[in-house]
Amino acid sequence: MTPRELEQLVDLGEGISLEFKRRVPRPERIAKEILAFANTNGGRILLGVSDDGTIEGFQNVSEQTFLLRQATESHCSPPVEYNTERIVVGERQDVIVVTVPESGEKPHSLVSEAVNGEGRVYVRVEERSVEASDETVQRLRNQRPGERVTFEFGETESLLMRYLDDYGRITVPQLAQLADISPENASQTLLRLARADLLHLHESEDGDYFTLNY
């Protein structure tokens, strides 16, 4: 990939198959992004590019590549295959393009967040890596090689997002009433989206509430 091709790719903006990272984040976070691409339709992570699309690069390419490899080897189960390419963008400044193909060994899970012996599974929804529902995990397990599966929010998540667009904040009882589900299911939905960085949990003396995280 040439620097010009990199610029054209960055101009597309983040989406279901493209993610920007200024540098390798904490191990669990970068592993989550990589396995989410592998569980969906594949994609690229541009290391050295800020969230706003500024191509900054970095000098310590070897260190960043080591951190990336260490994170995936320690936190992806089964292991995820990916390729890296170094793009020179300035004097001693480089961007690493991480290309993650769609996996034939789905689902991959995040080892560090093991619950009852099983790690959490993530997929790409628009420009976010979100925790997969039990139904989505089952679909991944039953998916035939080469078959493309698209992932969308369910009815509860769609109602929630529309509500937050209109009112800005929501509590567990409000979601339970809105979606006609139990408070336990409402709490699980909100916490799952908070773990995926879609929502932000606010602790308050009057009761906890959630807002959009962007």
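The values are calculated or read from the model by the stated rules, or taken from the named source; none is laboratory data. Computed from a prediction, not measured in an experiment: that's the story for all the values here. Backbone-built Cβ (ideal geometry, glycine too); neighbour counts: all protein chains shown.
If you go through region 105-121 and keep only what is among the small types (Gly, Ala, Ser) and modelled with pLDDT of 90 or more, you end up with just Ser109. Of the set (1) among the β-branched types (Val, Ile, Thr); (2) at pLDDT below 95; (3) assigned to a strand (DSSP E or B), all apply to Val95 but (2). Tell me, please, whether a residue that is small (Gly, Ala, Ser), closer than 11 Å to Val100 by Cβ and in the same structural domain as Glu85 (by TED's automatic domain parsing) can be found in region 52-60. So far as region 52-60 goes, no, none of its residues is small (Gly, Ala, Ser), closer than 11 Å to Val100 by Cβ and in the same structural domain as Glu85 (by TED's automatic domain parsing).
Would you check which residues across region 37-64 are surrounded by 14 or more Cβ atoms within 10 Å (Cβ to Cβ) and part of a helix (DSSP H, G or I) and list them? Listed by number, the residues that qualify are Phe37, Ala38, Asn39, Val61, Gln64. Could you list all residues from region 17-36 that are surrounded by fewer than 19 Cβ atoms within 10 Å (Cβ to Cβ) and either touching a Phe, Trp or Tyr at 6+ places or on another chain (Cβ under 9 Å) or not assigned by TED's automatic domain parsing to the domain that holds His75 (or both)? Result: Ser17, Arg22, Arg23. For Glu85, indicate whether it is of a type outside the set (A, V, I, L, M, F, W, C) and either outside any helix (DSSP H, G or I) or in contact (Cβ under 8 Å) with a residue 12 or more places away in the chain (or both). Yes; evaluated as a whole, the condition is true for this residue. Tyr82 falls short on exactly one of the conditions (1) under 24 Å from Gly119 (Cβ atoms); (2) surrounded by 18 or more Cβ atoms within 10 Å (Cβ to Cβ); (3) in contact with an Asp or Glu (Cβ under 6 Å, 6 or more places away or on another chain), and that condition is (3).
Only residues that are within 11 Å of Ile96 (Cα to Cα) and either of a type in the set (A, V, I, L, M, F, W, C) or in contact (Cβ under 8 Å) with a residue 12 or more places away in the chain (or both) were counted in region 61-70, giving 4. Scanning region 1-24 for residues that are modelled with pLDDT of 90 or more and assigned to a loop (DSSP other than H, G, I, E, B) turns up Thr2, Leu12, Gly13, Glu14, Ser17, Arg22, Arg23, Val24.
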